[in-house]
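Everything below concerns the one structure shown next.
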Amino acid sequence: MATFNKFNSFVENVAEGVHNLGSNTLKVMLTNTAPVATNSVKADLTEISAGNGYSAGGNTLTISSSAQTSGTYKLVLADTVFTASGGSIGPFRYAVLWNDTPTSPADPLIGWYDYGSAVTLATTETFTVDFDATNGVLTIA
């Protein structure tokens with residue numbers, strides 16, 4: 001399973017009220033260019049080309065839960081699936097979580113997963129971004 005890495009700006013954006021992780025539109029996009037912790041907005045990254053089942057900006061995510069218990073907040077997202085149709089998707093190595101709702105800054109980044117090597121999906125193949133349903137995508141304590 002790929003490990004979640006946060007972008008540095010995410011911490012400041014949470015403190016300054018940019019994200020409402022319980023109701024904003026969160027997305028995951030694919031890239032084959034390594035993100036770095038100092039990236040802050042979607043425009044800092046090079047997304048793979050749209051087409052063949054991949055939409056520009058990636059998939060919109062479903063928030064399973066967004067809540068705190070005993071002072072620890074946990075965000076749980078439903079898994080999302082990319083399916084190649086009519087041609088290939090990729091190559092990509094990274095799945096990047098970003099927020100499509102805020103306007104200032106526009107499209108702030110949250111974090112990314114590194115899958116270790118490039119993946120290319122042939123027609124009808126699928127790729128699942130498997131979010132941790134037990135521990136959540138992230139916790140804030």
Original post:
List pairs: first in region 48-67 and more than 18 Å from Thr25 (Cβ to Cβ) and β-branched (Val, Ile, Thr), second open to solvent by less than 40 Å² (accessible area, probe 1.4 Å) and in a loop (DSSP other than H, G, I, E, B), Cβ under 7 Å, 6+ apart or cross-chain?
Top reply: none
**OP:** Enumerate the strands (runs of 3 or more DSSP E) found wholly within region 8-117, keeping only those where 3 or more residues are among the aliphatic types (A, V, I, L, M) and surrounded by 17 or more Cβ atoms within 10 Å (Cβ to Cβ).
**Re:** 26-31, 72-77, 89-99
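The values are calculated or read from the model by the stated rules, or taken from the named source; none is laboratory data. Remember, it's a predicted structure, so these values are computed and weren't measured experimentally. For neighbour counting, all protein chains shown are included, and Cβ atoms are generated from backbone atoms with ideal geometry for every residue, glycine included. Side chains are part of the model used for accessible areas, which takes the heavy atoms of the whole protein and leaves out ligands, DNA and RNA. Shrake-Rupley method; radii C 1.70, N 1.55, O 1.52, S 1.80 Å.
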